[in-house]
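**Q** Structure provided below as structure tokens; questions to follow.
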Amino acid sequence: MLVLFCAPAAFAQPASLEGTAVNGLNGQPLSGVHISLIGISPTGIRDAYGSLSDGHGHFSVTGVPAGMYILFTEKRGFLYVQKKKSGVPLPSMGLKAGEHDTEFKLEMTPRAVISGRVVDDSGDPVENAQVHAQPVSKESEPIALTFGEDTVPTDDRGAFRISGAPGKFYLIATPGGAHDAPPEIRLDGSTAIVYGQTYYPNAAAEEQAAPVDAKAGAEVTGIEIHLARLNPRTTPHLRISGMVQGTPPGKQHASVWIDHGLKFGDTTIQNDTVAGDDGSFTFHDLEPGVYRIWTAYNDVDRHLQSQPLEFRLEGSDVVNLQLNLAPGGDLSGTVEIAGEQPGAPKQKRTVRIGGSEGETDRDGAFHLSGVMPGKYGVGVEPLPENAYVKALTLDSVTVLGDRLDVSHGIRGSKLQIMIAPGGEITGTVLDKDGQRMLNSVTSVFLVPAEGEFEQSDRSAAHVDESATYSFHGVRPGKYYLMGYDLFFSGLEIEGPENIKKAAAAHGELVEVKEGDRIRRNVTIFEEQGDGKK
Amino acid sequence: MAKSDRVDVHFVRFRSLAFAAPICAVALWAQAQPPAPASLAGAVTNSLTGEGIPHVHITLHNSENHHAYGAVTDAEGKFTMAPLPPDQYVVEMERAGFLMRRNPGYIGESNQIELTAGEKKDVTLKLVPGGSISGRVFDSRGEPVESISVQGEGGWSELRMVRTDDSGHYRLSGLLPGKYRVRAAPEQIPLPPEHRSDGTEELHHARTYYPGSLSSKSATRVRVQAGTETTGIDIRLIRTPIVGVRGTLAGFPKGQNSVNFQLEYEGGDTNIGGVSKPDGTFEIWRLDPGTYRLSASGGGRTGLRSAPVEIVVGDRNVEDVVLQAVAPAVIPGHITYEDESAKPKENPRLVVREVSSRFGSPHGEEEAEIDSDGSFRLEKVPAGRYMVSVSWRTAYVVSTTLGGTRFEGRVLDLSAGSVDASLTVVLSSEVAQISGTVRNDEGPVPGFAVLIPEQEGGSEFQIAMGPKGNYSFPGIAPGNYKLFALPPGEGIRQDAIMRDLEMYEDVMEHVSVGPGQKVTKDLKLTEPEG
């Protein structure tokens, strides 16, 4: 394997992959195997390079540009299975410039099959249940490229058949139909049975599940999943109801939304409904927890909204909630740009807050109407190059940053938006050999070294075709700059906490002051082995 | 009280109907006491054999109650539900291997049961044993194809997709008796042909209908009977060259994936991905052969759209397609009334609804209020072709004139947008009406009546339904129409019906109405099989 470091022409030198496709179980060569290397880039897939194995199992893929590829294979009855080694959930391989692999052994694994059926308490078949084969240990289980074949619906005999990579699996059956259907009324004294997600053979929880060992080239039959009853105590049954006040007359109704979560300030959208003619609304069958509720009304002429209400739902229903629709408030103020001459006429800019926008006049003053209660990012366009929103002063209270909290509504408030020159950070992303990270899924994270980290579009940048990244309008401060590649840097890092930890461990510290233009090349960090951090 | 409800909608939900039974009216006057409870008992039987079916889960829903009443049949298929409040109920039944029928005649009026105060009703409910279709999928060389998705087309509901096993075998189950098309669709990766240097060529197949047809129109329909498996439905995939559509985007923001592509195909919309590039070019790969209407939309807030371009995909790439962004048009205008009676009474609005003349699936709709002097202003109408109508029923659109061009009828062509042109809409009060009764062999039955104008190629679809099978379409424009009846059920899927329109050729009525004319036409509702 020859890798050229210094000659620039090396980047243009194509690589190749040649070898033999064999049956992984008995080593016999396989003809008619279609192998395809599908190129990956930050913005999606690039070209594909392929070959078809001949009577001796021999294949040859040549003229492949250096980079990362998804390894896609096709041969009836077989799969290509690869040990998981990176953040990529599909079999993959990287080819370096001028790399020529002539002895590649493409081991194809005969498919493993699991079949059986799903039945209920009476032993009757259950139609339209979804059956999913979940690897027992997600981390170390090998991966293969299948088109969603690990989840199948049961047919009219309750039967299912799953074919895929060999391994140990939990078989999970989820009954079809509406899961939020309210409990039905039985008049004969019987209890309506509600079934829930069940692990083979009949368990509601993974702890009591029995793994199924699916072997290559073999079928495990007779897997009968006996649906487990959903515990009535865990069935959500609480109710929130109330009235919307202030709906304008006419046919249009207000809509009511609720978010649900475990703690205040941390809720995600759960449900919505339309208020009735009299403004009443009800949400049924809710779980205990924290709820945030608000209502909005929209027609051609008007946009009304209520102040969001947050409360905790525990053992009993919440009824008679009152939600008052009100038009948004007026917000006026000025945009102040550091360094601008006080008397000179100012450039026209657009201020955007929530769904409202307004333009600044020659004195930099603006007026917005219809601003609803809520929390918003304040946007000003256009901004001078690399400028950022430094601070917001709302009625004499100053907050650093661009987040405006008007959750309690506004009434003729005054807002001063301070814009200052921020920093710029650009550079190239390299691999550990100092080569540009081309033809891969590479990004750079910019994580504040101190204080709160809120993940946003501004905290990560993808590289372009020449492996260059850039951050503009960076708020002054100390940051960790971390290069991350989906193929090399280990498992995908998710969540602000994990990103912060990874950045502190692998990133480079950089300090940004107002007006700085920083050029910094970043090296991706590479994880070996099982990808654990 | 036997009024018919007319709706011009894309999807209709069956609503419970008002009842006028005199007994109930009397009961309502006796305010002090609640009405005497009713009961429902009987059996669920197999529609083929007549045998009772055990363990059928029955639910009764009424409009008021959030909770349904439930019961399960015993070993002989019998059940009793008592006491029940008198009301109009919708019945649902569930049992693996069986399906509810979708036509009237089995439980009084379709799936509805009315219980009056004190009534002890005895019923025999029927379930149809489901049918199935099985076969194998082969590629163009005759090799079985593994893991390809196979789906049935036809009937009312979305049918389950299944995948073939490693011998290419599939089975579609849970089918109501009837006729179905069966299609196998390979997964398509949105890439140009792969590069090969070993002398072999990439084998690519198109979505193929049984037994081996590219289009749904020429596909053979497979007959399914209750409780029977129709076997041997083998599909041979058709090999097609890998072709693409390439061109440039003009007037759109530049960037990778900055626009969305919409490809309308005779079989519906396809979801093959298109890619737009930073240099303003775009590519769409691996489309099946056929005729498409391609448009792009993007720019977020600006609402830019390109005028749809018709492309024909065959053996070769389609190159140099230009998708020109057209800004949404602002169109001022006024109404001309041919006669006084055409004038509106209250809240008059002008409605323009987008149509795709060839493929019959409407998209957006814009409205404008009409002032007392007859003037209006349409705001932000995206490029496309539209049908113009008004919100009141005593007038219809005779013609429209945009700028200097006059269009007969209601079609307004805004494919190239509109700049500084004024729209004149001429209305006449000589509206027509078509009404009648939906019947089967025994007499009037509830059912939907569907009205489709002939000239616009099925672009507008109206539905009417009355409680006793009577229907009425008042206030329609004079012209030629197609009419047919559909059984009542959960809802109407307009796109599915438009695609399968030829299935109704046997029962389709053709009606002509002149200005001011009222025509009566009864529509035959055919019984389903099973």
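**Q** Any idea of B:ARG136's accessible area? Nearest 10 Å², probe 1.4 Å.
**A** Surface accessible to solvent at B:ARG136 totals approximately 80 Å².
**Q** When only Cα pairs under 8 Å and 6 or more residues apart are kept, what is the percent relative contact order across chain A?
**A** 11
**Q** In the stretch A:405-471, what trypsin sites (Lys or Arg not before Pro) fall in a loop by DSSP, with at most 12 other Cβ atoms inside 10 Å?
**A** A:ARG411, A:LYS432
**Q** Next question, about the same structure. For A:GLY401, what is the net charge nearby, where nearby means another residue's Cβ is under 10 Å from its Cβ and Lys, Arg count +1, Asp, Glu -1?
**A** Around A:GLY401, the charge tally is 0.
**Q** Shifting gears a bit: How many Å² of accessible surface get buried when B and A come together, counting both sides, probe radius 1.4 Å, rounded to the nearest 100?
**A** Interface area, both chains combined: 3800 Å², rounded to the nearest 100.
**Q** What residues qualify as long-range amide H neighbours of B:HIS204, i.e. H under 5 Å apart, gap of 5 or more or another chain, H built at 1.01 Å from N?
**A** Under 5 Å from the amide H of B:HIS204 lie the amide H atoms of B:THR240, each far enough along the sequence or on another chain.
**Q** Just tell me which aspartates and glutamates come within less than 17 Å, Cα to Cα, of A:LYS478; anything on the same chain fewer than 8 places away is out.
**A** Hits, sequence-local ones excluded: A:GLU424, A:GLU450, A:GLU452, A:GLU454, A:GLU508, A:GLU511, A:GLU514, A:ASP516.
**Q** Which three lengths, in whole Å and largest first, does the protein assembly as shown cover when its Cα atoms are put on their principal axes?
**A** 94, 85, 65
**Q** Could you list, in their original order, any pairs among A:LYS96/B:LYS277; B:LYS482/B:LYS521; B:LYS120/B:LYS468 whose Cα atoms are separated by more than 22 Å?
**A** A:LYS96/B:LYS277; B:LYS120/B:LYS468
**Q** Further, regarding this structure: Given a 1.4 Å probe, show me the residues in the stretch A:67-90 buried by at least 40 Å² of accessible surface when comparing the whole protein assembly to the chain alone.
**A** The answer is A:ARG76.
**Q** Rolling a 1.4 angstrom probe over the protein chains, ignoring ligands and nucleic acids, what is the accessible area of B:TYR504 in square angstrom, nearest 10?
**A** The accessible area of B:TYR504 comes to roughly 40 Å².
**Q** Here is a follow-up. Where does the charge balance sit around A:ALA391 when Lys and Arg score +1, Asp and Glu -1, over other residues with C-beta under 12 Å from its C-beta?
**A** +1
**Q** In the stretch B:162-177, which residues give up 40 Å² or more of accessible area once the other protein chains are added, compared with their chain alone (1.4 Å probe)?
**A** Going by heavy-atom accessible area, the residues of the stretch B:162-177 that drop by at least 40 Å² are B:ARG163, B:ASP166, B:ARG171.
**Q** Run through all the Cα pairs of the stretch A:453-533 and give the fraction in each 10 Å bin from 0, expressed as whole percent.
**A** Over the stretch A:453-533, the share of Cα pairs per 10 Å bin runs 16, 50, 30, 4, 0 percent.
**Q** Any chance you could look up the accessible area of A:ARG312 with a 1.4 Å probe, heavy atoms only, rounded to 10 Å²?
**A** Ignoring ligands and nucleic acids, A:ARG312 comes out at about 110 Å².
**Q** I've got another one for you. What is the percent carbon and sulfur in the accessible area of the stretch B:85-243, measuring with a 1.4 Å probe over the protein chains and ignoring ligands?
**A** Roughly 45 percent, rounded to a whole number.
**Q** When the accessible area of the stretch B:391-460 is computed with all protein chains present and a 1.4 Å probe, what percentage of it is carbon and sulfur?
**A** Answer for the stretch B:391-460: carbon and sulfur cover 46 percent of the accessible area.
**Q** Continuing with this model, one more query. Sort A:MET93, A:MET243 from largest to smallest accessible area, using a 1.4 Å probe on the heavy atoms of the protein chains.
**A** Reading off the accessible areas and sorting them downward yields A:MET243, A:MET93.
**Q** Averaged across A:111-118, how many Cβ atoms of other chains sit within 10 Å of each residue's Cβ atom?
**A** Whole-number average of other-chain Cβ neighbours for A:111-118 is 1.
**Q** Here's something else I'd like to know. When only the heavy atoms of the protein chains count and the probe is 1.4 Å, how do A:GLU224, A:GLU184 rank by accessible area, highest first?
**A** A:GLU224, A:GLU184
**Q** OK, next. For chain A, which whole percent of the accessible surface, found with a 1.4 angstrom probe, sits on carbon and sulfur atoms?
**A** Heavy-atom surface of chain A belonging to carbon and sulfur, 1.4 Å probe: 50 percent.
**Q** Further question on the same structure: Of A:LYS348/B:LYS254; A:LYS251/B:LYS343; A:LYS84/A:LYS138; A:LYS263/A:LYS390; A:LYS105/A:LYS138, which pairs sit farther than 21 Å apart, going by alpha carbon to alpha carbon?
**A** Among A:LYS348/B:LYS254; A:LYS251/B:LYS343; A:LYS84/A:LYS138; A:LYS263/A:LYS390; A:LYS105/A:LYS138, the Cα-Cα distance tops 21 Å for A:LYS348/B:LYS254; A:LYS251/B:LYS343; A:LYS263/A:LYS390; A:LYS105/A:LYS138.
**Q** Which whole-Hz ³J(HN,Hα) couplings does the stretch A:320-327 yield from phi under the Karplus relation 6.51 cos²θ - 1.76 cosθ + 1.60, θ = phi - 60°, glycine and proline marked x?
**A** With the stated coefficients, the stretch A:320-327 comes to 6, 6, 10, 10, 9, 6, 9, x Hz.
**Q** Something else: Shielding by partners for B:189-195, please: the mean number of other protein chain Cβ atoms within 10 Å of each residue's Cβ.
**A** So the per-residue partner count for this stretch is 6.
**Q** Leaving out ligands and nucleic acids, and using a 1.4 Å probe, what accessible area per residue does the stretch A:347-500 come to in Å²?
**A** Counting only protein heavy atoms, the per-residue value for the stretch A:347-500 is 48 Å².
The values are calculated or read from the model by the stated rules, or taken from the named source; none is laboratory data. All values derive from a computational prediction rather than experimental measurement. Neighbour counts run over all protein chains shown; Cβ positions are idealised from the backbone, glycine included. When the accessible area is computed, the model is the full protein with side chains, heavy atoms only, and any ligands, DNA or RNA have been set aside. Shrake-Rupley method; radii C 1.70, N 1.55, O 1.52, S 1.80 Å.
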